[in-house]
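See structure below.
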Amino acid sequence: MQVGHFDDEKREYVITDPQTPVKWINYIGTLAFGGFVDHTGGALICRDDPTFNRITKYIQQMPSSEFKGETLYLRIRKADGWQVFSPFYVPTLDPYQRYECHVGLGYTRIISELYGLRTEATIFVPLGEKREVRDIRITNISGKPLEVDAIPVVEYTHPNALLQFTNADWVPQTMQGKAVRDGNRLVLLQYPFMNRDVRENYFTSNLPASSFDCDRSCFLGNHEYGTWAHPLSLEQTELSNSEAMRGDTLAALMHHLGALAPGETCQLICQLGQEANLEAARPGIEKYRDPKFVAEAFEAMASYWSVYLAKLQVHTPDAAMDSMLNVHHPHQCFITKTWSRYLSYYQLGLGSRGIGVRDSSQDVLAVLPFIPQEGKEFIRLLLSFQKRDGSAMHAFNPLTLEGSIGDSVEMEDRPHYYSDDHLWLVLAVTAYLKETGDLGFLDEVVSFYEKDKQGKSIESGTVRTHLERCIDFTRHDVGKHGLPLLGYADWNDTVNLPKGAESLFTANLYGRALLELVGLMEYLGDTQAAKTFRAAYAEMKSRVEAVAWDGEWYIRYFNVEGEPLGSHVNQAGQIYLNGQSWAVLSGFASPERANKAMESVHECLNTPYGIRLSAPGFNGYDPKIGGITTYPPGTKENGGIFLHPNPWAMIAETLLGHGDRAYQYYAQINPAAKNDTIEVYECEPYVYAQNILSSEHPQCGLGRNSWLSGTASWCYQAATQWILGARPEYDGLRVDPCIPMAWEGFSMYRQFRGASFDITVHNPRHVCKGVTRLVVDGKEMSGNLVPMIGDRHQHLVEVWLG
């Protein structure tokens, strides 16, 4: 089953059936102003923060057929009244002759044809602006004149999105909406009473509006027994001009487009934005009423993405891989870095989760080749949520910059920190340094999180000091085996063992962080620091190898009693994916154990839809284990295919030289390859999901929680840096592919530190790995490192495997 197709030339995915299995979305704008638009025109828009400054009311849990946030109604004059419908399909669900939703880079374009009208609506947020623009073209294709009206509608929420759902008394008492005549046009203003003249939402258009509604009850009609599918107000010539003084607020504008001749097109431009007041908004409103500026803004956005994507392009024997790596995958990485795990169709943006320190430290890794300066600023922000003892807050609100300890606050008998959060900062900083060579960043001063009663930072330290404290915290926060204490949880949030448990994942992440710092100190020539970190690495490696090997694979945890979890002695959770892959990534595993552990992954955890996180699943709630046991077997962390760790297995296989296995793991979770089996997968095929139901679940293969997942960042790194093998290092660009034997080769264009490299890889002997020859600009080089060339010129690189 297909409901759409990829258009790589236009850098779009085109949905051709509005009845997708679940809502599919796209993001517009940024956290500064933006949100997501679904494939039938509904939108969730906020400014700065979706919890405390949300604009549109979009309830994800409502059925897909329901109105959500925004829509457009059209009506055609008939002899006995009007034909009323939405060209976006939802909420009127009228049969259509043509329906297309073009999911683009920063925009969504919906094209439909029904009842003799062709509608094309392009929805986007201009770069740097705090307004959503809907550029709507309505064309008469009926062959006869049609008298047409257009009624765009926005439903508002209280800016405190959680209060909107938890307080049905105070919230409606405060919500107001009014109309301001602006020449022959209307501007509809909306705000909670306390935000008047401070933060007001506005909705307007470029065409004269004859009437309006700001009160939802009046628009739907008959005390709201009218419906979104059939608003009773649209049976009347005009809307009621209601101004909402108390209650649920919306913005609806009546535009009489007049009699459209056959082939005639009318352009309606709608703006939804927020400013302090109308006077502050007026210059921007006037600008974007002009079709010329709307077109220029759209072209500027397209140019931005052309420049962005051009920095890394590939051509491989796998068309699905190319489609993802050249367009949709870097776009998803950008979105994930922007929104963390805060706001999506599945992440509701209603609570304290905000921007995750652990999550964002990983997300930023994939955008560094494209926006290194922005990445640096983001890493600096993340470092400011590290505590003085070296640990880190789990998340923070992007508007208030207030940190939180995450779900650990919910269990009083568990530690209130995550053992891995701070260690990801080491990987983020060293990745930035390798990408840019900006070693001066290490000397920049960043405050630690703790503040005095006046809100001033108690202590600051250089970036290098922050990294050293990351290591110091974990080195001293150990349990009875000398392994890092689990805290409330490690990367797997749902295993919450009582205080005193130890984490092999954190041990391995600590090992990887130490390897990164050893390499950095050696490059800096600080032999004493390198020696210190190397000794800490050897110390932890010996502990892991002494107690964690279970015979066929590595143990994942020890509880406070010293009993293993992730062992053959357990009835459930006998083997965990991360226990194996990270033993390879850390370098702790010997070659023999590394190969055996990864073979156990393939034998015990792999499925055609991806690698399961663990097996077998727990079949009942166990408070001693924690959240993992709240899921049925085969779901999410409880034996489901949790996709985020799948690329870690890919990277581990490339480190072992197993190109066929690494590519197998990549191909089986590539969403673009699922386009023909959407009836099973259900999620968007143009972005990665967080999880897929596994073989222990009757709906095996079903994907959920798309867009905001660490899968995006790590799959992009696994594909470009480890399978295709072009990865930055301090002194150059390493080209060390690990590809399928069957490939003849591939090519990549990569910009790096001011220069650009056209890389061609030849595989005449059909091996997976091993560079036998490297030629740069016609000059033979030894090894597989392209030396740093910051001359802003283009260079030809040829590599032969053998």
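The values are calculated or read from the model by the stated rules, or taken from the named source; none is laboratory data. None of these values were measured; they are calculated from a predicted model. Counting neighbours? That spans all protein chains shown, and the Cβs are built from the backbone with ideal geometry, glycine included. Ligands, DNA and RNA are stripped out before the accessible areas are found, and what is left, the full protein with its side chains, is counted by its heavy atoms. Shrake-Rupley method; radii C 1.70, N 1.55, O 1.52, S 1.80 Å.
Quick rundown of the values:
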quantity: Dipole magnitude of the range 449-579, debye to nearest 20 (Cβ charges: Lys/Arg +1, Asp/Glu -1, about Cα centre); calculated: 300
quantity: Residues of the range 495-533 with amide N under 16 Å of the 7 Å Cα→Cβ point at Glu412; calculated: 499
quantity: Accessible area per residue in Å² at 1.4 Å probe, computed on the chain; calculated: 35
quantity: Dipole-positive endmost among Thr430, Gly455, Phe441 within the range 400-464 (Cβ charges, Cα centre); calculated: Phe441
quantity: The range 153-191-the range 658-728 distance, computed between alpha-carbon centres (Å); calculated: 41
quantity: Theoretical FRET efficiency, 1/(1+(r/R0)^6), r = Cβ-Cβ of Thr174 and His223, R0 22 Å, to 0.05; calculated: 0.55
quantity: Binned Cα-Cα distance frequencies in the range 555-714 - 10 Å width, integer %; calculated: 11, 40, 35, 13, 1
quantity: Label-point separation, Lys144 to Tyr621 (7 Å along Cα→Cβ), nm; calculated: 6.3
quantity: Three-way shape label, the range 558-641, alpha-carbon gyration tensor, a/c 1.5; calculated: oblate
quantity: Order by protection proxy (mean Cβ within 10 Å, highest first), peptides 304-310, 338-344; calculated: 338-344, 304-310
quantity: Cα-centre dipole for the chain with unit charges at Cβ (Lys and Arg positive, Asp and Glu negative), debye to 20; calculated: 600
quantity: Computed FRET value (nearest 0.05) for Ser306 with Thr760, which takes r as the C-beta separation and R₀ as 30 Å; calculated: 0.80
quantity: Within the range 1-90, GluC sites (Glu not before Pro) in DSSP loop having at most 16 other beta-carbon neighbours inside 10 Å; calculated: Glu9, Glu66
quantity: Positive-end extreme of charge dipole, the chain - chosen from Ala501, Ile575, Tyr681 (charges on Cβ); calculated: Ala501
quantity: About the Cα centre, charge dipole magnitude for the range 1-138 (Lys/Arg +1, Asp/Glu -1 at Cβ), debye; calculated: 420
quantity: Relative packing of 92-102, 252-262, 576-586, which averages over residues the other C-beta atoms within 10 Å, highest first; calculated: 576-586, 252-262, 92-102
quantity: Around Trp722: net Lys/Arg minus Asp/Glu count, Cβ-Cβ under 15 Å; calculated: +3
quantity: Listed pairs Lys453/Lys624; Lys596/Lys769; Lys57/Lys453; Lys456/Lys636; Lys130/Lys178 exceeding 30 Å between Cα atoms; calculated: Lys453/Lys624; Lys57/Lys453; Lys456/Lys636
quantity: Rounded percent of accessible protein surface that carbon and sulfur make up, the range 71-159, 1.4 Å probe; calculated: 44
quantity: Accessible area of the range 437-516 belonging to carbon and sulfur atoms, whole % at 1.4 Å probe; calculated: 49
quantity: Using a Förster distance of 41 Å, the FRET efficiency for Glu377-Arg181 (Cβ separation, nearest 0.05); calculated: 0.40
quantity: Counted charge near Leu257, where neighbours are those whose Cβ lies closer than 14 Å (Asp, Glu -1; Lys, Arg +1); calculated: +1
quantity: Kyte-Doolittle mean at least -0.5, axial Cα span of 18 Å or more - DSSP H helices of the chain; calculated: 291-309, 423-436, 504-524, 527-547
quantity: Label point distance in nm, Asn241-Asp676, each placed 7 Å from Cα along Cα→Cβ; calculated: 6.1
quantity: Helical mean residue ellipticity (222 nm; -39500 (n - 2.57) per DSSP H run of 4+; nearest 500) of the chain; calculated: -8000 deg cm²/dmol
quantity: Dipole of the range 285-352 [Lys/Arg +1, Asp/Glu -1 at C-beta], most positive-end residue of Tyr288, Tyr345, Ala320; calculated: Tyr345
quantity: Cross-link pairs beyond the 20 Å C-alpha cut-off, checked among Lys376/Lys434; Lys434/Lys779; Lys68/Lys337; Lys387/Lys451; Lys10/Lys311; calculated: Lys434/Lys779; Lys68/Lys337
quantity: 19 Å cut-off, amide nitrogen to a point 7 angstrom out along Tyr96 Cα→Cβ, residues in the range 684-712; calculated: 684-686
quantity: Estimated distance in nm for a label pair at Gln571 and Asp777, the labels positioned 7 Å out from Cα along Cα-to-Cβ; calculated: 6.8
quantity: Within the range 358-387: backbone nitrogen closer than 19 Å to the Arg475 label point (7 Å, Cα to C-beta); calculated: 387
quantity: Kirkwood Rh, angstrom, the range 751-799 [1 / mean 1/r, Cα pairs]; calculated: 11.5
quantity: Apportionment of accessible area to carbon and sulfur, the range 244-390, percent (1.4 Å); calculated: 56
quantity: Environment charge at Phe378 (Cβ cut-off 10 Å; Lys +1, Arg +1, Asp -1, Glu -1); calculated: 0
